[in-house]
Structures are given as structure tokens and as C-alpha cells.
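> Pasting a structure below so you can have a look.
Since every read-out is calculated from the coordinates, none of them should be taken as a lab result. Quick caveat: nothing in here was measured; it's all calculated off a predicted structure. All Cβ positions, glycine included, derive from the backbone under ideal geometry; neighbour counts span all protein chains shown.
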Amino acid sequence: MNILILGSGGREHALAWAVMQNPKCDKLFVAPGNAGIAKIAECAALDPENGDAVVGFAQEHAIDFVIVGPEAPLAAGVADRLREAGILTFGPSAAAAKLEASKSFTKEICDAAKAPTAGYGHFTDAEAAKAYIRSNGAPIVVKADGLAAGKGVIVAMDEQTALDAVDDMFGGAFGGAGAEVVIEEFMDGEEASLFVLCDGENILSIGSAQDHKRVGEGDTGPNTGGMGAYSPAPVLSLEIETRAIEQIVKPTMRVMADRNTPYQGVLYVGLMIQDGQPRLVEYNVRFGDPECQVLMMRLGAQALDLMIASAEGRLDSAQVNWADDHAITVVMAAKGYPEAYEKGSVITGLETLPEDSRNMVFHAGTKVDADKIVANGGRVLNITARGATLEEAHDRAYAMVDQIEWPEGFSRRDIGWRALSK
Ligand code: AMP
Ligand code: GLY
């Protein structure tokens, strides 16, 4: 098969790494890719959000299967365009991608599905939103309705912070994403993510993960896209996972199918777990980044077969073959991230690191400049390892981190602390 992956981050490097190991893959293109991906696949200068360009490229290169990495092309309808052109595609339609693209849409679907989630109000004007905050009090969570690159959520521990967030959002701080606002009950508990493949009708769980969103050790400081992750998430016991599937995922899929917008692709189910009860925090319509890196490390080549089964509507006969293993990924970021950071610093030491089924450096934001690997983003490398225990995976990953020479970069030293201390 000729395969095309859309995207350019560590998630897409991990997807490419898994897909390349499967003998079904003859030729792999990634658009636009990065310096790490270029070592294992052909990178194509193509805008993943431009449906015409993506369909044209796929036809020209006889692509048999497209995997869409990030949410923006999905929300823009690129998967619809590919399917209309008769190209097998992994990823939901624009109508189904609203599960990530609109928070109020997701809340309505949860209401219809009777899925446990935070109580909420949906507002199109600031005064009504503020009245809701004053009558409910803090802590309370204020969310921009639309896609805001992970930045549109304010968890307000006091009322004034929530009121200010409403002013910021209606004042345009998140552009069009903040023209409508969802205000939610604050949920306490431990967060974990469940990843489920869907084919419009059937579902298949492909593992759990926890990430570290805060930039600083001990989970402190500003939010980021994720500074590290590990899989499985010990808090998601089989019993709690089953509850999440029966009470949240299956009813959601049924409602989506009943509305004639069946969901096909991977569903990222963000959960808050308290006293053994999972509640939905959010859906994403794609793999998490960096959660995908630990999932691919554990799934390996079978990930391609599973994604094809999802796209072809055959998940009822698919199954995951698990090794009883653990994986962890440590993000190395440019100093300053998630605020301003410099690009272009040189990274060395990568050539001596092992690259095999237990150790991989996935590139998130790199490029090649004068034969050297240089930083080209905020999150730059994902140092990923697998082991029989989380401790073993952890030690292997940090041994690799310690061999990388990059004075302008940093990483958290405590990825996995919550699970390791259990
Ligand atoms: P979201 O983009 O909806 O995932 O929100 C980002 C983060 O905000 C989540 O990962 C949670 O840590 C936190 N969060 C979102 N909604 C709530 C809620 N209702 N209660 C507590 N924390 C929340
Ligand atoms: N790591 C969080 C996300 O991908 O949304």
C-alpha cells in the first residue's frame, strides 16, 4: 500500500514509525513532516488543511490510505474530501469532528447520550455568562467554544478569575473560538485518557495514557500541549474503563450515528475519575500528542491494521494483541516554552542513541540546517521507551535524555511520578 500521513509533529513521527514496520506499507509519505520523519519516509511540502491539494497529491501518488494526524484538517473537512474522491481515510468527517471543534456541541451530545460529565451553561453574551458564574460560585471552569489550540480553558479557583475570563473571551482573546462560551462545573479527581477506535458502529479500545500538561516539575506552572506521557494509566482499571465505554463512549457513538454523522477514526476520551466513577472532560477527534507516542510504542506495526479496520468498518472482527508492557515519553522543549522561545539551536548526541522496538526518539519540532539537527518549535523531541514495568521504561527514557547535548533545551525530570509512586 502507498500511505499518506498528514501532520508534522511527534505524533506523526510515531505514527510513521509504527506504519513503516508493517509489511503492508510499500511507500510512506508524510506531509509536511519534519527532520526525524524524513529519515524513514518521504516528506511532501503540502498544506494538510488544503483539501484540493491533499486530494490532488493522493491521486498523483496513487495513495491507498490516508491517516489524518491533527484536528485542523479534520475540522476543515479534509477527510470528507478524500472519501468523496474514493480514497480510504482514517479520521472523522467535519460533522463528526465537531466533538472536538465545538464544546457546546459535545455537551449537547452528552445530554442526548446521558453520558456523565460536568453540569454546564452555554452563553453567547457576557452578562448572562457572568450571572451564571455568580450564582454557581467558584471553583468553576470557563471554556471558549471553538478550537483554541489547547489554550481556551480557564480553570478558575476564584470567582473574579472566572469573570475576567468571560471578558477576555468575549473581548476576542481567542478570536472566533471565544464568540460563544461554555461554563462548567469544576470536577475534582484524577485525569486519564482512553483511546478508542470507532468505525461508525463498532468500537475497539486501544489503550490508556496520562499526560503531564504543566510545564514545571510537580505539575506546576503554565499549561502546555503536554510535557510527557505514559501508558497504560494505572487509574483506568478494567472496571473503570468498562464503565467509561458503556456509559460514555457507546452512547455517544449511538447518538452520532442516529444524527447521520457516524464517527470514524480514533476518539480521545479525556476522563476525570473520582471514587471509581469516570466523567467526560473532553473529546478530541485525533490521537493525543504526546500520548500517541506511547501508544504507538506499545502497539507497533499492528497500529496500521487497526486503523485500516476502522476506516473499512471492520472493527467488529479486529483485536489488539497486547504485550503486558509500559511506555513513557519525555518531551524536550526549547527553553522559554510555552512562552516565547528561540528557534535554530543545534542538538547533538542523537546519532549514538539506540532506535529499536524499545527506544525511540520521535521528532516534534526539528529541521536539518547545514547537516545539523536544529530546534524548530517549542516542543522539539519526544524521548520514548518501553519496558516490562513503568520503572524500566522510565529509566531507559531518561538514560537517553541524558545523552542528548542541547543546552538551549529542557525537560521535566519527573514524568510518570504519580504512577511510579503508587
Ligand atoms: P479541555 O481542553 O476541555 O481538555 O480542558 C483542558 C484541561 O482543563 C483538562 O485537561 C482539565 O485538566 C481541565 N478541565 C477542563 N474541564 C474541567 C472541569 N469541568 N473540571 C476540572 N478541570 C477541567
Ligand atoms: N496532550 C494533549 C492533547 O493532545 O490534546
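> Expressed as cubic angstrom per residue, what is the convex hull volume of the alpha carbon set of the chain? Walk me through the intermediate numbers first.
Numbers: hull volume 57.9 nm³, N = 422.
Expressed per residue, the convex hull around the Cα atoms of the chain is 137 Å³.
> Order these peptides, 87-98, 136-147, 115-126, by their mean beta-carbon neighbour count within 10 angstrom, highest first. Intermediate results must be reported in sequence, preceding the final value.
On the way: 87-98: 23.5, 136-147: 20.2, 115-126: 17.2.
Ranked from most to least packed, the peptides come out as 87-98, 136-147, 115-126.
> Express the relative contact order of the stretch 103-185 as a whole percentage, based on alpha carbon pairs under 8 Å and six or more residues apart in sequence. Don't skip to the end; give the middle numbers.
Working: 144 pairs, mean separation 31.9, N = 83.
Once normalised by length, the contact order is 38 percent.
> Could you give each residue of the stretch 9-25 its phi-based ³J(HN,Hα) in whole Hz, using Karplus coefficients 6.51, -1.76, 1.60 with θ = phi - 60°, and x for Gly or Pro?
With coefficients 6.51, -1.76 and 1.60, one gets x, x, 4, 6, 5, 5, 4, 5, 4, 5, 4, 4, 7, 8, x, 5, 7 Hz.
> Hey, what number do you get for the chain at 222 nm if only DSSP H runs of n ≥ 4 count, each worth -39500 (n - 2.57), divided across all residues, to the nearest 500?
Working: 14 runs with 122 residues, N = 422.
Calculated at 222 nm, the ellipticity per residue is -8000 deg cm²/dmol.
> Here is a follow-up. Could you give me the ³J(HN,Hα) list for the stretch 259-268, computed from phi with Karplus coefficients 6.51, -1.76, 1.60 and θ = phi - 60°, whole Hz, x at Gly and Pro?
So the J values, rounded to whole Hz, are 7, 6, 10, x, 9, 10, x, 9, 10, 8.
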